[in-house]
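The values are calculated or read from the model by the stated rules, or taken from the named source; none is laboratory data. This structure is a prediction, so every number in the text was calculated from the model and none was measured. Note that each Cβ is placed from the backbone with ideal geometry, even for glycine, and that neighbours are counted across all protein chains shown. Calculation scope for accessible area: heavy atoms of the full protein, side chains included, ligands and nucleic acids excluded. Shrake-Rupley method; radii C 1.70, N 1.55, O 1.52, S 1.80 Å.
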Amino acid sequence: MLSLGNVEVVYDRVFLAVKGVSIEVSEGGMVALLGANGAGKSTTLKAISGLLMPERGEVTRGEVRFNGRDVAHLSPPERVRLGIAHVLEGRRVFEHLTPDENLIAATSMHRDRRRIAELREKVYGYFPRLKERLSTKAGYLSGGEQQMLAIGRALMIEPKLLMLDEPSLGLAPYLVDEIFAILEQLNRDGVGILLVEQNAAAALDIASDAYLIENGRIVMSGAAGTLKENPDIQEFYLGRAGRKDYHAVKHYRRRKRWLA
Amino acid sequence: MDLMYFAELAMNGALVGLMYALVALGIVLVFKSSGVANLAQGALAMVGAYVVWWLADPLGAPLWAAVVVGILIMFFFGRAFERLALRRMIGQPVIMVIMLTLGTEILLRGSAPALWGAQMKRMDIGIGQQPIVLGDMLINRAYLAGGVVAVVLIGLAMLFFNSRQGVMLRAVSDDQTASWAVGISVERAIGVSWGLAGIAAACAGILWGSVQGVDWTLSLLLIKALAVAILGGLDSIGGVVIAGVAVGILENVIPGYIDPLVGGGTRDLVASTVILLTMLVRPFGLFGREDIERV
Ligand SMILES: Nc1ncnc2c1ncn2[C@@H]1O[C@H](COP(=O)(O)OP(=O)(O)OP(=O)(O)O)[C@@H](O)[C@H]1O
Ligand SMILES: [Mg+2]
């Protein structure tokens with residue numbers, strides 16, 4: 001469904017942030033994109049949703065295909081209409097609107113009022129908690145509720161591909177579990193998911209495939225289970241204690257330098 | 001007797017204030033969607049008045065047609081301004097955009113009289129001169145008509161902002177990137193808000209033009225409108241009504257009592273004092289939205 005081929009992204013015409021990334025998400029797949037701070041995860045998602053534009057970023061090489069169609073020259077709203085939803089890092093709900101208005105704001109592609117009402121009910125079905133806070137401004141919701149609202153808002157566009165940028169950021173573990181359970185549910189209901197996470201453990205548990213990005217390059221990819229077993233991943237991303245022998249670190253450094 | 005004098009000043013002042021509010025509406029509409037202070041609204045109102053006068057007088061269109069066509073022209077004028085000037089400024093600091101609107105205000109102030117002649121034009125929209133007598137009070141007929149029209153238009157704007165389209169405009173003012181991400185065409189939304197500001201400008205221009213004649217001084221309404229918008233809280237449509245009435249009453253009542261003592265001239269101080277005091281005491285106005293700070 002989604003296929004990135006050798007995508008290169010440059011900010012401000014000079015800063016090369018993503019250096020030839022290739023990623024595949026199949027119809028209804030669940031793929032994780034892992035990496036440390038500044039690795040280029042968010043930039044990759046923005047290349048897919050088209051949100052590089054307001055940040056003076058640009059795809060300078062490679063192609064972004066969605067269902068076979070090259071979308072690189074479409075505006076963000078046009079990509080949304082193809083079914084690409086991007087839940088931004090840091091939630092970014094419309095703070096001065098109520099939760100209900102947040103959902104309504106995401107319906108510009110729908111004509112049919114009945115359909116909109118159905119979608120809203122569906123979102124409240126996934127996130128019953130939002131229904132209890134209907135008249136509060138979204139800015140006053142808790143972090144977890146805001147994340148749920150951000151996901152619910154993206155669901156209003158009936159996405160085929162739901163991209164989430166660090167949905168676990170700053171949330172208590174039980175909330176991370178709750179949100180990831182809903183992502184699994186959505187995936188079972190047929191929504192393809194591309195999940196960006198620093199919380200590799202949680203992401204590898206629900207994803208079927210995963211990519212590891214470092215310094216703007218994919219350095220590892222494969223089935224989530226395989227990546228979870230990989231010693232480097234265990235050491236540096238899953239934070240397994242007690243295995244910090246110097247040799248392994250050096251081996252990893254060497255590998256990193258070679259890949260860069 | 002004294003109370004009656006006060007009531008008459010207050011009543012007429014309130015009506016004038018509502019007409020200020022109609023000019024201020026154009027500032028609020030733009031601020032509510034793009035977060036930019038629109039300092040061109042005074043000149044837009046002036047252009048609106050000129051256009052309607054031009055359609056009705058030299059071109060000889062019937063008044064109703066001149067009004068309708070004038071409103072349409074100003075809608076597209078607002079949209080064109082956004083499309084041709086403001087859209088190039090995307091990514092620039094907000095202060096640059098505000099300076100651009102101010103520059104446009106000054107440019108229009110000079111060019112409309114150059115185009116249509118600087119002499120004041122009379123615009124008669126068929127409202128009689130005789131005041132309406134209400135008990136012992138004399139109410140200005142033109143102010144009454146203007147106030148009613150203003151209230152109706154502001155009410156329509158309120159309804160609009162609670163509609164689906166309006167919610168999307170408010171979303172744009174909250175977070176442009178997030179708006180793009182959920183499929184809102186941000187540029188078009190901002191263009192629509194400028195078009196609506198153009199409509200508000202046309203209506204305000206017609207009302208004020210019929211009251212004080214059509215010439216460049218109409219653009220000075222910008223100061224009054226700014227006072228009203230700032231006091232009301234820049235992004236609150238309801239606030240504009242309350243603040244408009246407040247400024248209008250103050251502007252009429254204060255000179256009514258103080259001018260005879262000091263020899264006149266206090267009227268024009270009211271608006272600027274309101275702006276200053278609001279900025280010092282309550283920068284986000286009476287009903288402006290608070291910045292949401294959560295910890
Ligand atoms: N708007 C921008 N202009 C210039 N450089 C940018 C911009 N956004 C990101 N970068 C740079 O691009 C690189 C990748 O950033 P990106 O935000 O994609 O990382 P990330 O993997 O999402 O990190 P994090 O986990 O911290 O969110 C970083 O070096 C960052 O400094
Ligand atoms: Mg990021």
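So that you can scan it fast, the table gives a plain yes or no per residue for (1) within 29 Å of B:Val51 (Cβ to Cβ); (2) of a type in the set (Asp, Glu); (3) free of Cβ contacts under 8 Å to residues at least 40 places away in the same chain:
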| residue | (1), (2), (3) |
| --- | --- |
| B:Lys224 | yes, no, no |
| B:Ala229 | yes, no, no |
| B:Ile237 | yes, no, no |
| B:Val241 | yes, no, no |
| B:Gly248 | yes, no, no |
| B:Asp259 | no, yes, yes |
| B:Gly263 | no, no, yes |
| B:Thr266 | no, no, yes |
| B:Ala271 | yes, no, no |
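B:Arg87 satisfies every condition listed in (1) under 30 Å from B:Ser34 (Cα atoms); (2) modelled with pLDDT under 90; (3) away from every other protein chain (no Cβ under 14 Å) except (3).
Close Cβ contacts (under 6 Å, 6 or more residues apart or on different chains) running from residues in the stretch A:1-30 that are more than 13 Å from A:Ile48 (Cα to Cα) and within 16 Å of ligand 2 (Cβ to nearest atom) to residues that are of a type in the set (Val, Ile, Thr) and outside any loop (DSSP other than H, G, I, E, B) comprise A:Ala17/A:Val9; A:Ala17/A:Thr43.
Can you go through A:Lys160, A:Lys137 and tell me which one is open to solvent by 10 Å² or more (accessible area, probe 1.4 Å) and under 12 Å from A:Asn102 (Cα atoms)? Break it down stepwise before answering.
Values: A:Lys160 fails: under 12 Å from A:Asn102 (Cα atoms).
Criteria check complete, one pass: A:Lys137.
Checked against (1) away from ligand 2 (no atom under 16 Å from the Cβ); (2) open to solvent by 20 Å² or more (accessible area, probe 1.4 Å); (3) within 14 Å of another protein chain (Cβ to nearest Cβ), A:Ile206 passes all but a single condition, namely (3). Scan A:Glu197, A:Glu118 and give me the residue that is without any contact (Cβ under 8 Å) to a residue 40 or more places away in the chain and of a type outside the set (A, V, I, L, M). Answer to the selection: A:Glu118. All of B:Val28, B:Val16 fail the test of being modelled with pLDDT under 95, within 23 Å of B:Arg141 (Cβ to Cβ) and buried (at least 24 other Cβ atoms within 10 Å of the Cβ), apart from B:Val16. In the stretch A:19-57, the qualifying residues are those that are part of a strand (DSSP E or B), of a type outside the set (A, V, I, L, M, F, W, C) and within 11 Å of ligand 1 (Cβ to nearest atom), and the one that is least open to solvent (accessible area, probe 1.4 Å) is A:Gly57.
Can you confirm whether the stretch A:98-110 contains a residue that is open to solvent by less than 10 Å² (accessible area, probe 1.4 Å), near ligand 1 (Cβ under 10 Å from one of its atoms) and over 17 Å from B:Ser185 (Cα atoms)?
First, pick out the residues of the stretch A:98-110 that are open to solvent by less than 10 Å² (accessible area, probe 1.4 Å): A:99, A:102-103, A:105-107.
So of that shortlist, the ones also near ligand 1 (Cβ under 10 Å from one of its atoms) come out as none.
No; the residues of the stretch A:98-110 include none that is open to solvent by less than 10 Å² (accessible area, probe 1.4 Å), near ligand 1 (Cβ under 10 Å from one of its atoms) and over 17 Å from B:Ser185 (Cα atoms).
Per this entry, B:Leu39 is counted among residues that are of a type in the set (A, V, I, L, M, F, W, C) and outside any helix (DSSP H, G or I).
Every test in (1) more than 19 Å from the chain's Cα centre (by Cα); (2) open to solvent by 50 Å² or more (accessible area, probe 1.4 Å) is passed by B:Val172 save one, and that test is (2). Which of the residues spanning the stretch A:58-69 are surrounded by fewer than 22 Cβ atoms within 10 Å (Cβ to Cβ) and either part of a strand (DSSP E or B) or at pLDDT 95 or above (or both)? Within the stretch A:58-69, A:Glu58, A:Val59, A:Thr60, A:Arg61, A:Gly62, A:Glu63, A:Arg65, A:Phe66, A:Arg69 qualify.
When the stretch A:41-81 is filtered for residues that are at the interface with chain B (Cβ under 10 Å from one of its Cβ atoms) and either away from ligand 2 (no atom under 16 Å from the Cβ) or among the polar types (S, T, N, Q) (or both), the ones remaining, listed by number, are A:Ser49, A:Gly50, A:Met53, A:Arg56, A:Ser75, A:Pro76, A:Pro77, A:Glu78, A:Arg79, A:Val80, A:Arg81. When the residues of the stretch A:58-92 are filtered to those that are of a type in the set (S, T, N, Q) and away from ligand 1 (no atom under 16 Å from the Cβ), the one that is farthest from B:Arg188 (Cα to Cα) is A:Asn67. Residues in the stretch B:163-180 that are in contact (Cβ under 8 Å) with a residue 12 or more places away in the chain and at the interface with chain A (Cβ under 7 Å from one of its Cβ atoms): B:Met168, B:Arg170, B:Ala171.
Could you please find all residues in the stretch B:120-133 being touching a residue at least 12 places away in the same chain (Cβ under 8 Å), assigned to a strand (DSSP E or B) and loosely packed, with under 15 Cβ neighbours inside 10 Å?
Step one: filter the stretch B:120-133 for residues touching a residue at least 12 places away in the same chain (Cβ under 8 Å), giving B:120-129, B:132.
Then drop every residue that is not assigned to a strand (DSSP E or B), which leaves B:121, B:132.
The answer is B:Ile132, and nothing else.
Annotation note: of B:Ile258, B:Ile184, B:Ile230, B:Ile190, the sole residue that is open to solvent by 50 Å² or more (accessible area, probe 1.4 Å), in contact with a Ser or Thr (Cβ under 9 Å, 6 or more places away or on another chain) and either in a helix (DSSP H, G or I) or within 14 Å of chain A (Cβ to nearest Cβ) (or both) is B:Ile258. Screening the candidates A:Gly20, A:Gly68 for the property of being on the phi > 0 side of the Ramachandran plot and touching a strand residue (DSSP E or B) at 6+ places or on another chain (Cβ under 6 Å) yields one hit, A:Gly20. Taking the conditions (1) open to solvent by 20 Å² or more (accessible area, probe 1.4 Å); (2) within 20 Å of B:Gly183 (Cβ to Cβ); (3) among the aromatic types (Phe, Trp, Tyr) in turn, A:Phe15 satisfies each one other than (2).
The requirement of being within 16 Å of ligand 1 (Cβ to nearest atom) and more than 30 Å from A:Arg111 (Cα to Cα) is fulfilled somewhere in the stretch A:147-166, by at least one residue.
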